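Quick one: the structure is below, and I'll ask about it shortly.
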Number of protein chains: 2
Amino acid sequence: MKIAVVAALSALWVSKLIAADPLPAWNESAAKASIVAFVEKVTHEGSPDFVPAAERVATFDNDGTLWAEQPIYFQAFFAFDRIKALAPQHPEWKDQEPYAAVLRGDTKAVLAGGEKGLLELIMATHAGVTTEEFEGIVKEWISTARHPVTKRPYTSMVYQPMLELLAYLRAHGFKTCIVSGGGIEFMRPWAESVYGIPPEQIIGSSIKTRFELRDGKPVLVRLPEINFIDDKDGKPVGIQQHIGRRPIAAFGNSDGDLQMLQWTAAGAGARFCLYVHHTDAEREWAYDRESHVGRLDRGLVEAQKNAWTVVNMKADWNRIYP
Amino acid sequence: MKIAVVAALSALWVSKLIAADPLPAWNESAAKASIVAFVEKVTHEGSPDFVPAAERVATFDNDGTLWAEQPIYFQAFFAFDRIKALAPQHPEWKDQEPYAAVLRGDTKAVLAGGEKGLLELIMATHAGVTTEEFEGIVKEWISTARHPVTKRPYTSMVYQPMLELLAYLRAHGFKTCIVSGGGIEFMRPWAESVYGIPPEQIIGSSIKTRFELRDGKPVLVRLPEINFIDDKDGKPVGIQQHIGRRPIAAFGNSDGDLQMLQWTAAGAGARFCLYVHHTDAEREWAYDRESHVGRLDRGLVEAQKNAWTVVNMKADWNRIYP
C-alpha cells in the first residue's frame, strides 16, 4: 500500500515535471539551465534582476540559428530557382556569367564568382517587382521548394529546440525578433506562421523601394540598389533603427552575430548571450572556424571570454528538426 | 412619480452614455461618427469588414497631427537650443551663418537660409554623439524647454482628442504607430510616456550610425549623414521597411502625409483615412494651403475626392490641449 502510494505520487510528479518542461527538445545541460535561470531571474517580480515586460526584447539571427544554412544560405537557393524561372525571358543568360552557371546547376562556379556575382543574382531576382508581387513569389517558392540534400521543405529545417525557446520566451513576456543578414522581405512572408514572429519584428538586409502611382494605384517598386546590410556591425545599427531599445537577450551562430551579442551584453542589468555551435555532422552539419557560411571563429573566443552560453547541438539537443 | 422615474432613468442613461464615451474631447460630429463606425465594423467579429487584431495597424503623423507644429517644427527649436548650448565650444559660430542667426535669435534669417542651412544645423546638433548620449540630451531638453509663444512645455501641446483616439484604438486591439518626418531618435525618448507609443512603433527620419568599440564598450555613434527621410513618398517606404504590413487606418495633417494615406486607402478591405485641418486661430493656429509648415493643399483635394474624414479642429474638438 505504502509502496503503491509512493509509486503513484512519483508517477504524478514525473508526469508533472515532463508536462511542465517547456524545452523538451533540450537535454538537461548547462546550456538549458542557463536559459531557464536567466528567464526566471528577469521575470520574477522582486528579483534584483527583474526587467519590465516592455523591455524584454530578445533578438535571434535566422540562418544557422533558427533554421539550417548549409550547404549555402537557403535564400541563395531561392535566387537560383528564380533565375531558372526567369530564364525564358532572358535568353542572353545562357552565355552570361553568373547566370549561365546557375542554369547549368554549377553552384561551385557561381560561388567562385564571389560577392559581385552573387549580388548580381540577388538584384536580378529580388528587384524589378512590387513588394506585393515579391511577397507572392516568396510564398509560392517556400511552399513548394525542397532542400537539395535533405529533400525536405525548407521550413521543416527549422530547429525544434529554438521553436521551443521562442515560445518559452514569449510565454514569459518577451518580444522575440529576428535580426538576420538575410532579406527582410524574404523572411516576412513565412516567418509568422513558422516562428510566430510577425513582420514588424523582423529586421534584415534590404534593397531600396520607390513609391509609385500606377494607374492611380500606389505600389512600392523594389529597386536593384542595396538599402541596408544587416550583418556584423550592421546588426546593432538595425536593432537601434527598428526597435530603438537594446535587447536583453541575443542568439546567434556565427561571427556575423558577434556585434549583436556584444551590443546586447553591454547593456545595464542582466543580459543573456547564446551561440548555437554546429557540432552534429550526422543529424545536421558540423562546422565552425573554416566554414564558408556561418563561420564561427572570433565568436567562440568571445563567448568563452565572456561566459556566454554555447550550445553543443550534438550533445544539448535531442531533436534537431520538428 | 412616473415623471420622476423617467427623469431618473434618463439621468442614468445620459450618465452611462457620458461614462462610455471614449472620445469626450470630440464634439458629436460626422468626423467622430466616422471614426467610431470604422472601429466598430473592423473589430466586430462576424462583420464583413472584420480585421484580425494582428492586422489592425494605425499610423499617425506627429507634427501637426499629434502635437502642434507652429510657428516652426518643435524639433527646430530643439536644434536652436542645442546650438546655443554648444556655442561656447564653437566661438567661430558667432560670425558664421546659419549659426550666427540662431545665436542672435533671428529665426527669420535662419529660415531664409533654406533647406541647406537647416540641414547644417540638424547635423551640427544631432550627430557626433552616441545614441545613448543623444537620448539623454533629448530627455533633458523636452523636460525643461518651453514653447516661445504659449510658454508651455512642448509635451503639453499634444492634442487631447488625438490622445483619446490613440487610447480608443489601442483599447480595440490596434497597434498605434508614429510615421513622422521628424527624427526617429528625437521622438523615441518621450513618445512612450506622452502618447503610450513604444520606441519600436516609431518611424521617422534618421541619420546614419556607426558601431564602434570604445575601450571595449560598444557604442553607436551618430554620423552627420542622412540615412532616411520619412516624408511624402518616404512614408509608405518607411512603413513597409519597419512594419511590413499596410496600415488599415492613417492619420495626418499635411501634404507630406498624402502618400501614407493613399498607400493605406489602397489596401483591400475596410480602410480609414483622416486629415486634421487646422482651423482654430484662437485656441491653436489656422493654416492650410499657404503655410510654410504643415502645408495642406493637394491633401484637401484628395480627401474630398476619396471621402476621407477631415477634422475641423475649431468645430469638432471641444478641447485642444490636455
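The values are calculated or read from the model by the stated rules, or taken from the named source; none is laboratory data. Owing to the predicted nature of the structure, the values given are computational and were not obtained by experimental measurement. Here the Cβ positions follow ideal geometry from the backbone for every residue, glycine too, while neighbour counts run over all protein chains shown. Each accessible area value is taken on the protein alone, full model and side chains, heavy atoms only, with ligands, DNA and RNA left out. Shrake-Rupley method; radii C 1.70, N 1.55, O 1.52, S 1.80 Å.
Check A:Val158, A:Val149 and return the single one that is away from chain B (no Cβ under 11 Å) and within 12 Å of the chain's Cα centre (by Cα).
The unique qualifying residue is A:Val158.
Also: Residue by residue through the range B:224-238, note down the ones that are at negative phi, at the interface with chain A (Cβ under 9 Å from one of its Cβ atoms) and either more than 17 Å from the chain's Cα centre (by Cα) or open to solvent by 20 Å² or more (accessible area, probe 1.4 Å) (or both).
B:Asn227, B:Phe228, B:Asp233, B:Val237
Is it fair to say B:Lys139 is open to solvent by 40 Å² or more (accessible area, probe 1.4 Å), touching a Leu at 6+ places or on another chain (Cβ under 9 Å) and within 14 Å of chain A (Cβ to nearest Cβ)?
no
If you don't mind, there's one more thing I want to ask. Here are the criteria: (1) open to solvent by 30 Å² or more (accessible area, probe 1.4 Å); (2) touching a helix residue (DSSP H, G or I) at 6+ places or on another chain (Cβ under 6 Å); (3) part of a strand (DSSP E or B); (4) within 9 Å of chain B (Cβ to nearest Cβ). Tell me which single one A:Cys177 does not satisfy.
For A:Cys177, the failing item is (1).
Among the residues of the range B:57-68, what is the count of those that are open to solvent by less than 20 Å² (accessible area, probe 1.4 Å) and either in a loop (DSSP other than H, G, I, E, B) or over 16 Å from B:Ala249 (Cβ atoms) (or both)?
Count: 7.
Look at the range B:224-247 and say how many of its residues are part of a loop (DSSP other than H, G, I, E, B) and within 16 Å of A:Ser206 (Cα to Cα). Spell out the reasoning first.
First, the residues of the range B:224-247 that are part of a loop (DSSP other than H, G, I, E, B): B:229-233, B:243-247.
Add one more test, that the residue is within 16 Å of A:Ser206 (Cα to Cα), and what stays is B:243-245.
Summing the residues that are part of a loop (DSSP other than H, G, I, E, B) and within 16 Å of A:Ser206 (Cα to Cα) in the range B:224-247 gives 3.
Separate question: Could you grab the pairs with beta carbons closer than 6 Å, sequence gap of 6+ or different chains, first residue in the range B:135-148 and under 22 Å from B:Val219 (Cα atoms), second one of a type outside the set (A, V, I, L, M, F, W, C) and buried (at least 18 other Cβ atoms within 10 Å of the Cβ)?
Sorted first by the residue in the range B:135-148, then by its partner, the pairs are B:Glu135/B:Pro189; B:Val138/B:Pro189; B:Lys139/B:Pro189.
For the range B:99-109, state whether one or more residues are open to solvent by less than 60 Å² (accessible area, probe 1.4 Å), in a helix (DSSP H, G or I), at pLDDT 95 or above and closer than 28 Å to B:Pro199 by Cβ.
The answer is no; no qualifying residue exists.
Further question on the same structure: Give the range B:205-218 a look and list any residue that's in contact (Cβ under 8 Å) with a residue 60 or more places away in the chain and surrounded by 21 or more Cβ atoms within 10 Å (Cβ to Cβ), or say none.
The one that is in contact (Cβ under 8 Å) with a residue 60 or more places away in the chain and surrounded by 21 or more Cβ atoms within 10 Å (Cβ to Cβ): B:Thr209.
To keep it simple, each residue is scored yes or no on (1) closer than 20 Å to A:Ile243 by Cα; (2) facing chain A (nearest Cβ under 7 Å); (3) under 22 Å from the mean Cα position of the chain (by Cα); (4) among the hydroxyl-bearing types (Ser, Thr, Tyr).
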{"residue": "B:Leu213", "(1), (2), (3), (4)": "no, no, no, no"}
{"residue": "B:Gly244", "(1), (2), (3), (4)": "yes, yes, yes, no"}
{"residue": "B:Ser254", "(1), (2), (3), (4)": "no, no, yes, yes"}
{"residue": "B:Gln259", "(1), (2), (3), (4)": "no, yes, yes, no"}
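State whether one or more residues within the range A:264-286 are away from chain B (no Cβ under 14 Å), of a type in the set (D, E, K, R) and under 17 Å from the mean Cα position of the chain (by Cα).
Yes: the range A:264-286 contains one or more residues that are away from chain B (no Cβ under 14 Å), of a type in the set (D, E, K, R) and under 17 Å from the mean Cα position of the chain (by Cα).
Would you tally the residues in the range B:116-136 being more than 16 Å from B:Ala76 (Cα to Cα) and open to solvent by 20 Å² or more (accessible area, probe 1.4 Å)? Outline the logic, then answer.
First, the residues of the range B:116-136 that are more than 16 Å from B:Ala76 (Cα to Cα): B:128-133, B:135-136.
Okay, now just the ones that are also open to solvent by 20 Å² or more (accessible area, probe 1.4 Å), so B:128-129, B:132-133, B:135-136.
Going through the range B:116-136 one residue at a time, the tally reaches 6.
Further, regarding this structure: Of the residues A:Leu66, A:Leu118, which is in contact with a helix residue (DSSP H, G or I) (Cβ under 8 Å, 6 or more places away or on another chain) and at pLDDT below 95? Spell out the reasoning first.
Working: A:Leu66 fails: at pLDDT below 95.
Testing whether each residue is in contact with a helix residue (DSSP H, G or I) (Cβ under 8 Å, 6 or more places away or on another chain) and at pLDDT below 95 leaves just A:Leu118.
Then there is this: Name the residues in the range A:190-247 that are closer than 22 Å to A:Gly136 by Cβ, touching a Phe, Trp or Tyr at 6+ places or on another chain (Cβ under 7 Å) and among the hydrophobic types (A, V, I, L, M, F, W, C), would you?
A:Leu220 - this is the single residue of the range A:190-247 that is closer than 22 Å to A:Gly136 by Cβ, touching a Phe, Trp or Tyr at 6+ places or on another chain (Cβ under 7 Å) and among the hydrophobic types (A, V, I, L, M, F, W, C).
I'd like the full set of residues that are open to solvent by 10 Å² or more (accessible area, probe 1.4 Å), part of a helix (DSSP H, G or I) and not acidic (Asp, Glu), limited to the range A:182-198.
A:Arg188, A:Pro189, A:Ser193, A:Val194
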